[in-house]
Amino acid sequence: MTKEEIIDFYKHSTTEELIGKAKEICSVKYDNKVFLRGLIEFSNYCDKDCLYCGIRNANANVHRYRLTEKEIIDTVKLGYDKNLKTFVLQSGEDDYFTNKKLCYIIEEIKKITNNEVALTLSCGIKTKKQYQEIKDAGCDRYLIRFETSDEKLHSYLRNGISLKRRLQALNDLKELGFEVGSGFMVGLPNETEQIRINNALLCYDLGLDMIGIGPFIPHPETPLKDSIQESIELTIRMTALLRMLLPDANIPATTAAGTLSPIGREKMLEAGANVLMPNITPTTYKKDYLLYPNKICLDETGFECIGCLSGRVGTVGKKLSFERGDSLSFLSRKDYSGNNG
Ligand code: SF4
């Protein structure tokens, strides 16, 4: 189907019909495997003030924390020993973690894991030179969500930061050879169905390798606390649309979906998601990284979560995979450029 035909199908189909299509793609492309990523939220300091975000700088009620470099590296080691092959290091935009520190952490992780793991960073906007340094240190993937494709809404929600700057960062990352991820929130205030479709089309135009989406959940300590909570169904429909538009991209079933609905992640998996990200941040810190309220799985270690997730994926006919799970789009780019290193 062409992109136009997919959009037309999306507009005229029930959610069950969309899920049916997404299931077919996941069965053919991924043999119904679900890749695991160990998520480490290593700092909840942030100098930005995005209106929707629970750890925004202006929220004085957040108990701020930073993992030490050793704690980050040790947590990865723990995950590696439990067979995880991909780790995502995520933080607010925290200047304490200079590029020098980040590069040291990346190099150490690569060393202690015999260069067997894929490492993803998600620490916000940096200069192209900084991204280059991170890449040279051994980082494989970078995530930076654009959150909405609507310029005006973006600038409002991000307290003045332009969508253009975000897209520039994504472009820089692609040029530098990263496996690139982005994504958006679903059900933001003032968001229309056309904006949601445009969000999906922006993912398509960017040729993303990884796409993270999740429902907007109003946080009580943000300016958007009184916003309407949209139904999880919007997120499910969007997941299926993305799977159809970008069959070769990795799409996580996000914790936000599991927070909004007890079977939110299972529904996302049915609708085309093929990644789960157990949060292996030490439990003492987990409860303080609340981008949205009532986040699930805060009392369990990420490793306990893997057992639980294994049962959950089984209920939708899928199976957990401990492979690195590079995105198919990234692998085909590498093959095309003749770079197999
Ligand atoms: S969304 Fe990211 S950049 Fe914005 S305030 Fe939250 S942590 Fe900071």
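The values are calculated or read from the model by the stated rules, or taken from the named source; none is laboratory data. Since the structure is predicted, the reported quantities are computational estimates derived from the model, not experimental observations. Here the Cβ is made from the backbone with ideal geometry for all residues, glycine too, and neighbour counts use every protein chain on show.
When you scan region 293-305, do you find a residue that is assigned to a helix (DSSP H, G or I) and among the aliphatic types (A, V, I, L, M), even just one? Within region 293-305 (the criterion being assigned to a helix (DSSP H, G or I) and among the aliphatic types (A, V, I, L, M)), the answer is no, since none of the residues qualifies. Among the residues making up region 91-117, those that are aliphatic (A, V, I, L, M), closer than 23 Å to residue 35 by Cα and buried (at least 18 other Cβ atoms within 10 Å of the Cβ) are 106, 109, 117. Of the numbered criteria (1) touching a Pro at 6+ places or on another chain (Cβ under 6 Å); (2) polar (S, T, N, Q); (3) in a loop (DSSP other than H, G, I, E, B), the one residue 235 fails is (3). Do you know which of the residues in region 231-244 that are farther than 19 Å from residue 207 by Cα and free of Cβ contacts under 8 Å to residues at least 60 places away in the same chain is surrounded by the fewest Cβ atoms within 10 Å (Cβ to Cβ)? Among those residues, the one meeting the criterion is 231. In the condition set (1) touching a residue at least 12 places away in the same chain (Cβ under 8 Å); (2) not in a helix (DSSP H, G or I), residue 329 is compliant with all but (2).
Looking across region 132-153, the residues that are more than 18 Å from the chain's Cα centre (by Cα) and either buried (at least 20 other Cβ atoms within 10 Å of the Cβ) or more than 28 Å from residue 260 (Cβ to Cβ) (or both) come down to 132, 133, 134, 135, 136, 137, 138, 150.
Per-residue answers, yes or no, for (1) surrounded by 16 or more Cβ atoms within 10 Å (Cβ to Cβ); (2) modelled with pLDDT under 90; (3) within 16 Å of the ligand (Cβ to nearest atom):
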position	(1), (2), (3)
246	yes, no, no
251	yes, no, no
266	yes, no, no
281	yes, no, yes
303	no, yes, no
313	yes, no, no
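For every residue, the table says whether it meets (1) crowded, with 24+ Cβ neighbours inside 10 Å; (2) within 23 Å of residue 143 (Cα to Cα); (3) under 17 Å from the mean Cα position of the chain (by Cα); (4) aliphatic (A, V, I, L, M).
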residue	(1), (2), (3), (4)
186	yes, yes, yes, yes
193	no, no, no, no
204	no, yes, yes, no
208	yes, yes, yes, yes
214	yes, yes, yes, no
219	no, yes, no, no
223	no, no, no, no
229	no, no, no, no
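Among the candidates 255, 284, 235, the residue that is of a type in the set (Val, Ile, Thr) and touching a strand residue (DSSP E or B) at 6+ places or on another chain (Cβ under 6 Å) is uniquely 235. Against the list (1) touching a residue at least 12 places away in the same chain (Cβ under 8 Å); (2) within 16 Å of the ligand (Cβ to nearest atom); (3) in a loop (DSSP other than H, G, I, E, B), the condition residue 121 fails is (3). Counted as qualifying within region 142-217 are the helices (runs of 4 or more DSSP H) with 1 or more residues that are within 16 Å of the ligand (Cβ to nearest atom), touching a residue at least 24 places away in the same chain (Cβ under 8 Å) and among the hydrophobic types (A, V, I, L, M, F, W, C), namely 151-157, 163-175. Looking at 190, 199, just one residue is under 20 Å from residue 292 (Cβ atoms) and at pLDDT below 95, and that residue is 190.
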